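For reference, the structure is listed below as structure tokens.
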Amino acid sequence: MLARIAHDLYWLGRNLARAEFTARAVEAVFQAEVQGTSDAMPSVSFGSSGLLAMLGDEGERERADNVDALARLTLDADRPGSMLASVERAREGARTVRDVISAEMWEAINTTTLSLRGGGQGGWAPNPRAPAGPYLAAQYVKQRTALIWGVAARTMLRDEAKCFLDAGGTIEVSDMVLRMLRIALPAGEHRAADGHALILLQAVGGFHAYLRAVTAPPNAHPVARFLLFERAYPDSVAACADSLHDAFTTADAGPRNSKPVLRVSRLVADLDFQRRALPDGAELSGICERTQQELARIDGDVAERYFAGATPGQERA
Amino acid sequence: MGVATDTIEVDYRPRAPFRDELYELDGTPRLAAQALIAELGRLGPEGLVDAGRRRDAIFMQQGITFETSGESGSSHERPFPLDLVPRVLTGQEWRAIKRGLAQRIRALNHFVDDIYHAREIVREGLVPWRLVAGCPHFARAVHGIRPPGGVYCHVAGCDLVRDSDGSWRVIEDNVRIPSGISYVLENRAAMARLVPELFASYRVRPVDHYPQLLLRALRSVAPSAESEATVVVWTPGPANSAYFEHAFLARQMGVELVEASDLVVRDDVLYMRTTRGLERVHAVYRRLDDDFVDPLEFMSDSLLGVPGLVRAYRAGSVAIANAFGTGVADDKAIYCFVPEMIRFYLAEEPILENVNTYLLSDREVREHVLDRLGELVVKPTGESGGKGVMIGPHASDQEVARMGERIKAHPERWIAQDVVCLSTAPTVSSDGTLRPCHVDLRPFAVFGESIEIVPGGLTRVALEDGSMIVNSSRGGGSKDTWVLEDGDDADRAGPPIADTQPPALPDLRYGAWMGQQQQQQQQEPQQQQSKGSARVGRKRI
């Protein structure tokens, strides 16, 4: 397939996943920020400034009040980190691959963008400035991205195209999870590291899965381990690395000597090794940082090998 | 807490002589409620009606509903009636309530232990034995059993009301299976979504750690030495009116929700049937009455029970929360003696008062009560949920006369209490205006290694004008209950979420395809690379 198409599908996946994770994080932070602290348990810190940092809006941290910060993250298309901007980028990407994705999928992406843009006509909310805006918009984006991925799974051929779409989605998810972990569990900070980490689980939508998989209370360390290593949980970094490996192996013409495939294999093995070798309670911020760097290298290798040397995911100046 | 200058007057008058939770009697907002009232004024009736509509939609969507039967006998599913005006308690008020509750629950726990062992309080002549033995929830089957840690009342909810003078009184104890905690959590979540601006000037103490507190308490009493204890929530089944709460707690704690058919006792050990065979259960949070739990020991025709469970419990192989037989402590006839219990077991003076109560089995008291029945509240001892209650001042002469006959026939089945002037709180009417409605408060306590009480609790509100019956089965609603941080709280653990400097993260990337032609035209591709952004991708099209 065309390198350009592969590239656009990959970024379509990334933008969809980013929109969804922004929505989840906005919702979780919003819920936590309106309340005070718990008297029974301290919690890891992940407020709206953490959210802005996660989404690369750090340069613009003029101390806005929370509702304002959340409104910006939600529906301000001029902020590249907002949910709407991610959805808009996904739509732009989808337009260039309309012949590759199914008509149903295009429609799902298009209506999502239009109703977010139009402040919810027939969509998510009566009035974008209404106080419940962030919650309802986040709900809407979550539901619609699930729908889009579902339509993709049911209507697209499981070929190269689907592989690049999926690969984009999973690499973005793992990057987002790592960003959150690095903000919530900064290196050497021990006070916060003992707190409960419900907000992290809510921000990735893994609360229920965690409770069913792990018996330990949702404190920072077990939660971080779960989000890094639990392969049964689809949005953990390890599970994302697995599916990334599957996607590239399928799409690659010669996976045995393909740099992205080799690099991802190494990441999969490394995560598995760390899971077994690291004692409980060991510091995890180092692994998060290294893994994130490794993912950036994979991103570079992918651009070089599959996208005809197109510039890898670019960094904003 | 400063009040914005553009405050819009809220049209509300507290109804004397009742104390109002948010307003002084002269009609000015209380200090702690000023910012809240100002926000309510800014929202206005339309804003409140609108938020109410969204609340109903969200509750229906999430299935937070309850069934009501209409006059024709047909049942409707209705969204849980949450009132959008929260009730506000200052940190200081809350600390007093909390200390009072902890004291009361400790005394009740001592009482249950005593009744099934040495019965010292009876021998001292403080509580008449015939009242204890005559209590329908007295369980002979568990005589002499002491559960791990000596804890019987793992989960307790006492109903409090506030009198006109502002004092708190306990109107009822619930140490069997108090329900309502799921609504406390769901109400808070809904409020934060629907009317976040109300929270703006406050730091409200969160409640969402309750499931973790409960799980920790259950694990701490579970008799498992070697491994992590297996805890289950036991529900009578989906037809139960509180099934939503059972499922909610099981999900929030991440434990199995079991029914009787999932459980089996072998050799005095409780197991559950799983796909991998029998798995041992160490602690059961049961949500059904004693009568049904074990057909071998209690009601023999119970289909909801697990034969042999009491035997396993007696052998100490499983912890049951709440323990069997705790119903003896929340009987309405025993209620009168709780202040005595506190003095007897703890050698302390009660912090929370009782409502004046008359035991009708005593002839003199009974005659006195029958004379002024129209001024009193009469309650059946064995019932809960507001069933069979007669409020004298609101009842017709006929009703009062009929009640007099029933008391004469079975005096031991009834108690009479002075009428308490339940406090009121502003409540949203269907047109968005505020009116005073009567409220009570049910805080929830968890007793494991120590007693933990979730800040606030369930505020129930009587939605009918002038009514004082707050039970949701009788047309009551609920309110979110805020306990405010006041800065000098000794029992607060960590500092508030600090604005720590997050570590430097790599910038987000944005995909941008540079076609070959475009790249060839670029003299310096490197430069292009550094300028790329979402905008570049967009211009291309």
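The values are calculated or read from the model by the stated rules, or taken from the named source; none is laboratory data. Given the structure is predicted, the values throughout are model-derived calculations rather than measurements. For neighbour counting, all protein chains shown are included, and Cβ atoms are generated from backbone atoms with ideal geometry for every residue, glycine included.
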When A:Leu114 is run through (1) buried (at least 18 other Cβ atoms within 10 Å of the Cβ); (2) at pLDDT below 90; (3) in a helix (DSSP H, G or I), the failure sits at (1)
Which of (1) farther than 18 Å from B:Met390 by Cβ; (2) under 25 Å from the mean Cα position of the chain (by Cα) does B:Gln417 not meet, given it meets every other one? (1)
Taking region A:72-89 and keeping only residues that are in contact with a Gly (Cβ under 9 Å, 6 or more places away or on another chain) and either aromatic (Phe, Trp, Tyr) or in a helix (DSSP H, G or I) (or both), one is left with A:Arg72, A:Leu73, A:Thr74, A:Leu75, A:Arg89
Residue, nearest to the other protein chains (Cβ to nearest Cβ), within region A:132-179, restricted to residues that are touching a residue at least 60 places away in the same chain (Cβ under 8 Å) and polar (S, T, N, Q): A:Gln139
Sole exception among (1) assigned to a helix (DSSP H, G or I); (2) touching a residue at least 12 places away in the same chain (Cβ under 8 Å) for B:Val378, by number: (1)
Being in contact (Cβ under 8 Å) with a residue 60 or more places away in the chain and not in a helix (DSSP H, G or I) is the filter; apply it to region A:241-294 and report the residue that is surrounded by the most Cβ atoms within 10 Å (Cβ to Cβ). A:Leu284
Total residues in region B:160-176, condition in a strand (DSSP E or B) and farther than 29 Å from B:Ala118 by Cα: 5
Just checking, how many residues over region A:78-93 are in contact (Cβ under 8 Å) with a residue 12 or more places away in the chain and either within 10 Å of chain B (Cβ to nearest Cβ) or of a type in the set (D, E, K, R) (or both)? 8
Suppose we filter region B:451-482 for residues that are under 25 Å from B:Pro17 (Cβ atoms), touching a Pro at 6+ places or on another chain (Cβ under 9 Å) and among the β-branched types (Val, Ile, Thr); how many remain? 3
Among (1) in a loop (DSSP other than H, G, I, E, B); (2) in contact with a helix residue (DSSP H, G or I) (Cβ under 6 Å, 6 or more places away or on another chain), which single condition is B:Leu198 missing? (1)
Going through region B:191-229 one residue at a time, which ones are in contact with a Gly (Cβ under 7 Å, 6 or more places away or on another chain) and at the interface with chain A (Cβ under 9 Å from one of its Cβ atoms)? B:Arg203, B:Val204, B:Arg205, B:Pro206, B:Val207, B:Arg216
Taking the criterion of being under 23 Å from A:Asp272 (Cα atoms), in contact with an Asp or Glu (Cβ under 9 Å, 6 or more places away or on another chain) and within 14 Å of chain B (Cβ to nearest Cβ), would at least one residue in region A:223-238 satisfy it? no
Of all residues in region B:138-153 being within 21 Å of B:Val338 (Cα to Cα) and buried (at least 19 other Cβ atoms within 10 Å of the Cβ), which is nearest to the chain's Cα centre (by Cα)? B:Cys153
Collect the residues in region B:243-260 that are within 11 Å of another protein chain (Cβ to nearest Cβ) and of a type in the set (A, V, I, L, M, F, W, C), keeping them in residue-number order. B:Ala250, B:Met253, B:Val255
Condition set surrounded by fewer than 17 Cβ atoms within 10 Å (Cβ to Cβ) and touching an Asp or Glu at 6+ places or on another chain (Cβ under 6 Å), scope region B:100-137, selection nearest to B:Cys336 (Cα to Cα): answer is B:Leu126
Within region B:211-234, can one find any residue that is farther than 21 Å from B:Ser450 by Cβ, touching a residue at least 40 places away in the same chain (Cβ under 8 Å) and not in a strand (DSSP E or B)? yes
Would you check if there is a residue in region B:119-142 being assigned to a loop (DSSP other than H, G, I, E, B), modelled with pLDDT under 95 and aromatic (Phe, Trp, Tyr)? yes
Scan region A:204-212 and tell me whether some residue there is surrounded by 16 or more Cβ atoms within 10 Å (Cβ to Cβ), facing chain B (nearest Cβ under 10 Å) and touching a residue at least 60 places away in the same chain (Cβ under 8 Å). no
The number of residues in region B:213-251 that are surrounded by fewer than 17 Cβ atoms within 10 Å (Cβ to Cβ), more than 18 Å from B:Pro178 (Cβ to Cβ) and touching an Asp or Glu at 6+ places or on another chain (Cβ under 8 Å) is 1
Filtered residues of region A:213-230 (kept if over 17 Å from the mean Cα position of the chain (by Cα), in contact (Cβ under 8 Å) with a residue 12 or more places away in the chain and in a loop (DSSP other than H, G, I, E, B)): A:Val214, A:Pro217, A:Pro218
